[in-house]
Amino acid sequence: MEVNSLNKVVVSMRITGIEEQKKNNKRCSIYVDDEYYCSVDKDILEELSLSEGTQLNEDEFNNIIEAIQYKSALRTALYMLARASKTEKEIKNRLAEKQYPEKTIIQVLRYLREINYINDEIYTESFIRSMRELAGVSRRSLYYKLAAKGIDNDIIQQMLDEAEIDDYDSALKTARKKAAGMAGSRKEKALKLFSYLYRKGFGMEICRKVIDELDLE
């Protein structure tokens, strides 16, 4: 502990140990004043020039810890994005699950938006384009899938409108395929088809129109 020229107490902290973790040799445990403090990836440790004997005041050490948290959280996010496109909410939730501080999460999301690695509008447009050709896809089902991923309602509605999805045409194609393998009376088929289409997210009116259009005899 030291006292500066303004008579402010300056707390000095010293790294007394850096140990490679047994279960993950790419990470190290850091000990400060002989007590465990945190874990960090080896390359981040080297990048920040941390070593045994490093002595810092409290503010300097807190800045180091914030840098470690940010670099680690960013790495986690980039790993997720390398495997598949993600929404902003999906990245945020994953980082929160790993217990990164909210300040760190906000910084990571801001950076990813700046470099256009996350863009919910582009994600939504791509998702709709990849899903719309699948059998039984309705506007409603797409809406709920995207909403569950944390996409803003206005973005979803805009992209669905631009995609010009024809629920009737999609429901008709789906119903024809489903009806081809159905047995039973016309009434039984109609009830089964109505239930099937409704579960797919098609509205009641469209379900009725499609069933009326089909020859279920």
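The values are calculated or read from the model by the stated rules, or taken from the named source; none is laboratory data. As the structure is a computational prediction, the values presented were derived from the model and not from experiment. Don't worry about glycine lacking a Cβ; one is built from the backbone with ideal geometry, like all the others, and counts go over all protein chains shown. These area figures cover heavy atoms from the full protein model, side chains too; ligands, DNA and RNA do not enter into them. Shrake-Rupley method; radii C 1.70, N 1.55, O 1.52, S 1.80 Å.
If you sort Tyr100, Tyr37 by accessible surface, 1.4 Å probe, largest first, the order is Tyr37, Tyr100. Per residue, the chain exposes 64 Å² of accessible surface when a 1.4 Å probe is rolled over the protein heavy atoms with every protein chain present. Checking [x] 92, 38, 23; [y] 62, 56, 26; [z] 59, 51, 37 against the coordinates, the calculated Cα extents along the principal axes in Å falls under label [x]. Please give the helix 139-148 orientation as an angle from the longest Cα principal axis of the chain, in degrees from 0 to 90, rounded to the nearest 10. It works out to around 20 degrees.
Within the accessible area of the chain, the carbon and sulfur atoms contribute 45%, probe 1.4 Å, all protein chains present. Listed cross-link partners Lys22/Lys89; Lys23/Lys92; Lys86/Lys189; Lys98/Lys200; Lys26/Lys103 are compared with a 31 Å cut-off, the Cα-Cα value being larger for Lys22/Lys89; Lys86/Lys189; Lys98/Lys200. Among the GluC sites (Glu not before Pro) in region 22-77, those placed in a DSSP loop whose Cβ has at most 15 other Cβ atoms within 10 Å are Glu52. For the pair Asn119 and Arg83, label points projected 7 Å from Cα toward Cβ lie 2.4 nm apart.
The long axis of helix 120-131 is offset from the longest Cα principal axis of the chain by roughly 40 degrees. Once the Cα atoms are used to define both axes, helix 102-114 deviates from the longest principal axis of the chain by about 60 degrees. Placing +1 on the Cβ of every Lys and Arg and -1 on the Cβ of every Asp and Glu, with no other charges, gives the chain a dipole of roughly 1540 debye about its Cα centre.
Candidate cross-link partners of Lys145 among the aspartates and glutamates, defined by an alpha-carbon separation under 20 Å and a same-chain spacing of 8 or more, comprise Glu88, Glu90, Asp120, Glu121, Glu125, Glu133, Asp154, Asp161, Glu162, Glu164, Asp166, Asp167.
Ranking Ile65, Gly136, Tyr196 by how far each Cα lies toward the positive end of the dipole of the chain (charges on Cβ) leaves Tyr196 at the top.
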